[in-house]
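Participant: This is the structure I want to talk about, given as C-alpha cells.
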2 protein chains.
Amino acid sequence: MKEFQWPERVTVREVGLRDGLQSIARTLPTSQKLQWIQGAYDAGVREIEVGSFVPPKLMPQLADTAELVTFAKTLPGMCVSVLVPNLKGAERAMAAGADWMLLPLSVSHAHSLANLRKAPDDVVAEIGAIVEARRMAGSHCKIEVGMSTALGCTLQGRVEVPEVLRLIQAVLALGVDRVGLADTVGYADPRQVGDLFTQAREVAGDRLACGHFHDTRGLGLANVMAALQAGENRFDACLAGIGGCPHAPGASGNVATEDLVYLMGSMGIATGIDLQALLTLRQQLTGWLAGECLHGSIAQAGLPKTYTNPQNARLSA
Amino acid sequence: MKEFQWPERVTVREVGLRDGLQSIARTLPTSQKLQWIQGAYDAGVREIEVGSFVPPKLMPQLADTAELVTFAKTLPGMCVSVLVPNLKGAERAMAAGADWMLLPLSVSHAHSLANLRKAPDDVVAEIGAIVEARRMAGSHCKIEVGMSTALGCTLQGRVEVPEVLRLIQAVLALGVDRVGLADTVGYADPRQVGDLFTQAREVAGDRLACGHFHDTRGLGLANVMAALQAGENRFDACLAGIGGCPHAPGASGNVATEDLVYLMGSMGIATGIDLQALLTLRQQLTGWLAGECLHGSIAQAGLPKTYTNPQNARLSA
C-alpha cells in the first residue's frame, strides 16, 4: 500500500430511499421521505437516489418517486438519481427532471431473467432504446448503468469477468455516461473486487464511476477499501444499512452510509458529510422504521474520542 | 494493489478462550472449554490462546488455564499460548508447559496504568525480568509481546507512532521472540493500520508477527486487510466475535474467527481451517453462551454457493 495515493475526497451516494425501502414491506409516508432527503442534504449529502420508476403496483413503497425528485431538485447542488427498469420508466425519469437515471443490467443471466424478465443482451438493447429516446427528447438526464451481480449471484453462482467487461463495453458503446459495479448479493471478496475494478477501469476509464456493495457477509467495507485502492471514488450506501434485492434470496443490507462516512473520515478522506448530523438523521429513521432490522456499527459503538474530520466540514451548496 | 503479492497462507490464532471469555461474566465450565479446544483442533486450528495466568480472584473465569494448557498440549501440532501479566504468571506459564506466553504492553500510558497498574516503561522492565527468568529456568517457552492500544485508546485518545516503535525496539532488545500490534479498543482505520504495520515491520522485521483487531466500529476486517497488505500474515480472532477489554470502556468484540476464515478463504488464501466445521463449533458455543451478545456475519448469512476452499483442506498434524 506504500505507493498508493489516497484520494482527498470520495463521493457517497445515499441510496436508502430506493435500494433500502424497496426491500421493506411497509411504505414510508412521503412526508418522512421528504424529511429524510432534507436531513441528508443538511448533513452534506449531495448525491441521492430517491426512488424508482417501476410500476406502482409492483412497488407501492416507491410510488411517490416523481414527487421526491421534484422536492430534491429544489435543494441547491443536490444531484438526484432514480432507478429506471425500462423505456417507460426512462420517459418518466426525464419528465420528472431527474439528473441521473440508473439502469440496472444484471450480468448473471439467471438474475436478469428473475429481476427484469429479460436476458442481459435484451437489457442492453433496451438501454440502446433509452439512449435513443433521450436523444430524441433532447433531455439532459444522464445515464448510469449499474452492473448488478457483477461479483456473483445467488441463483447462478459464479459470474465471469469477461462477461462483465463485455457488457460494460456494450453499454458504453451505446453512449451511456457511466457504469457502476454492484455486489448485489454480498458474494464479493476484496481480492476479487480489486481485480474486477482494475480490469473494468482498463475498459471504462473514468466512466467506471460507482461501487455498490452489500454487507451480507460482513465484507462490505473491506470491499469498499479494495475498490478505493483500485481507483474508485464513488460509493453507494444506505443509511442504517437497509437494502437488498427482492429477487436475490439472502441478499440484505447495503453498507451503512454512516459506517462508510466514518471509514472515510477516519482515514482523513473527505466526503463532505457531517457524521454527527448523519447519526441524528439515522436516529430519526430508526423511529420511522421501528421494528425493521437495521444495521451498522458506528451508531451502536459511538465515535472514538480521536475522531475529528475538519476536512469533512459541510460543503457549501 | 496490482503489484501486491498475496500470501498463499495466513495463520489464524483462536483467542476466544482468553480475550473472549475474560469479558464475559459467566464462567464457562472446564468441560466445555476442553470441547472448544478439541473442536477447534478438529476444524484445523493449530494456534490457540487458552487462558491467562492472572490471579484467579481477579478473573475466576480463567482459573483453569493450567489444565487447559495440559490438555491442548496433548493435541499433536497444537501451538498453545497463554496471557501472562507479570513474572509470577510467567513462572506459571513455564511450569504449565505453554509454547508461548503473551505479555501485554499498553502503549497508552493511561491504559497501562488502568490495566496493569504500571507505566509502559515499568512493564518493559518486568518483561526484562521475565526474559531473564526464562533464561535461568532453561525454558523453551517463547515470548510474544502484544502491543495493546497501539492504534488508539479510549482513555488517552491518540497514541503516537514513535512511542509504539520505541517500545517495540525496547522489548526486542531484551530478547523477546516476537511482537504483535493490537487495536484493543476498535479505534483503528485501515490507512493507519497500513502505515503502522509498515513502519513497525521496518523496526521489527519478521518478529512483527501478529495483528489483533477488535471490530467495535465495524472496521475489523478492513483493518485485517490493511495489515495483510502491509505484510502481516498472523491474526488473532475470537469465535463468534466475543472479546473485549474490561479496562477499555466501549471495547467489545474481536474480529470473528469464522468471518476471518471466510474472508481469507474467499480470497483463496489458506488458513488450514475447515469453515463448515468451525461453524458447527460456533453453533455449540452459541448454546454454551446462551444469552450473551455474539457477533459475526457469515454464520447468519450462510456461505455463498460459490465458496470453495480446497486449499483450506484440514492440515495433517
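Participant: Kindly provide the GluC sites (Glu not before Pro) of the stretch B:153-224 that DSSP labels as loop, not H, G, I, E or B, and whose Cβ sees at most 14 other Cβ atoms within 10 Å.
Facilitator: Listed in order of number, the matching sites are B:Glu160.
Participant: Could you check the spin-label model distance between A:Ala277 and B:Trp6? Points 7 Å from the Cα along Cα→Cβ, value in nm.
Facilitator: 4.0 nm
Participant: How large is the dipole of chain B about the Cα centre if only Lys and Arg carry +1 and Asp and Glu carry -1, each at its Cβ, rounded to the nearest 20 debye? Numbers along the way, then the final one.
Facilitator: Numbers: 27 positive and 31 negative charges, 66 e Å.
Charge dipole, chain B, about its Cα centre: 320 debye, nearest 20.
Participant: Considering only chain B, pick the residue with its Cβ nearest the axis of the rotation onto chain A, and state the distance in whole Å.
Facilitator: B:Ala222, 2
Participant: Sticking with this structure for a sec: Relative to the other copies, what are the label-point distances for B:Thr74, with labels 7 Å from Cα along the C-beta vector, expressed in nm at one decimal and sorted shortest first?
Facilitator: Inter-copy label distances (nm, one decimal, shortest first): 7.5.
Participant: Report, in deg cm²/dmol and to the nearest 500, the calculated mean residue ellipticity at 222 nm for chain A, where each DSSP H run with n ≥ 4 adds -39500 (n - 2.57) and the sum is divided by the residue count.
Facilitator: -12000 deg cm²/dmol
Participant: Follow-up. Taking the label point as lying 7 angstrom from Cα along the Cα-to-Cβ axis, what are the distances from B:Arg158 to the corresponding position in the remaining copies, in ascending order and in nanometres?
Facilitator: Copy-to-copy label distances for B:Arg158: 4.9 nm.
Participant: Given a Förster distance of 51 Å, report the FRET efficiency between A:Gln38 and B:Glu67 from their Cβ-Cβ distance, rounded to the nearest 0.05.
Facilitator: About 0.25, to the nearest 0.05.
Participant: Here is a follow-up. Which of these, B:Gly268, B:Gly16, B:Gly253, has the largest mean-square fluctuation under a Gaussian network model of chain B (Cα springs below 10 Å)?
Facilitator: Per the Cα network of chain B with a 10 Å cutoff, B:Gly268 tops the list.
Participant: Provide the FRET efficiency to the nearest 0.05 for the B:Arg117-A:Ala133 pair, computing r from the beta carbons and using R0 = 45 Å.
Facilitator: Plugging the Cβ-Cβ distance into 1/(1 + (r/R0)^6) gives 0.05.
Participant: Here's a follow-up. Compute the separation of the alpha-carbon centres of the stretch B:168-209 and the stretch A:73-102 and state it in Å as a whole number.
Facilitator: Taking the Cα centre of each part, the stretch B:168-209 and the stretch A:73-102 sit 50 Å apart.
Participant: Still on this structure, I have one more. Could you identify which residue out of B:Gly205, B:Gly180, B:Gly39 has the top mean-square fluctuation in a GNM of chain B using Cα springs shorter than 10 Å?
Facilitator: B:Gly205
Participant: Now for a separate question. Given A:Gly291, A:Ser31, A:Leu172, which one lies farthest toward the positive end of the charge dipole of the stretch A:11-312, if we put +1 on the Cβ of every Lys and Arg and -1 on the Cβ of every Asp and Glu?
Facilitator: Sorting the options by dipole projection puts first A:Ser31.
Participant: For chain B, modelled as a GNM with alpha-carbon contacts under 10 angstrom, which of B:Leu174, B:Leu17, B:Leu196 fluctuates the most?
Facilitator: Looking only at B:Leu174, B:Leu17, B:Leu196, the biggest GNM fluctuation is shown by B:Leu174.
Participant: Just for the stretch A:11-312, what percent of DSSP beta bridges are antiparallel, to the closest 5? Before the final figure, lay out each step's value.
Facilitator: On the way: 3 of 33 bridges.
Percentage antiparallel, nearest 5: 10.
Participant: Can you tell me the FRET efficiency between A:Thr286 and A:Thr74 if r is taken as the Cβ-Cβ distance and R0 is 35 Å, rounded to the nearest 0.05?
Facilitator: Efficiency computed from Cβ-Cβ geometry: 0.85.
Participant: Put +1 on the Cβ of every Lys and Arg and -1 on every Asp and Glu Cβ in chain B; which of B:His111, B:Gly138, B:His214 then has its Cα farthest towards the positive end of the dipole?
Facilitator: Checking the options against the dipole of chain B, the answer is B:Gly138.
Participant: Another one. Where nothing but the Cβ of Lys and Arg (+1) and of Asp and Glu (-1) is charged, how large is the charge dipole of the protein assembly as shown around its Cα centre, in debye to the nearest 20?
Facilitator: Numbers: 54 positive and 62 negative charges, 88 e Å.
In debye, rounded to 20, the protein assembly as shown gives about 420.
Participant: In addition: Once you average over the residues of B:274-283, how many Cβ atoms of partner chains fall within 10 Å of each Cβ? Intermediate results must be reported in sequence, preceding the final value.
Facilitator: Details: counts 0, 0, 0, 0, 0, 0, 0, 0, 0, 0.
Mean partner-chain Cβ count within 10 Å for B:274-283: 0.
Participant: Using a label point 7 angstrom from Cα along Cα-to-C-beta, what distances in nm, from shortest up, separate A:Thr27 from the other copies?
Facilitator: List, nearest first: 5.9 nm.
Participant: Let me ask another. Across the residues of B:218-231, average count of Cβ atoms on other protein chains within 10 Å?
Facilitator: Shielding by partners across B:218-231 averages 6.
Values in this text are rule-based calculations from the coordinates and carry no lab data. The structure displayed is predicted, hence computed values, not measured ones. Glycine also receives a Cβ, built like all others from the backbone with ideal geometry; neighbour counts cover every protein chain displayed.
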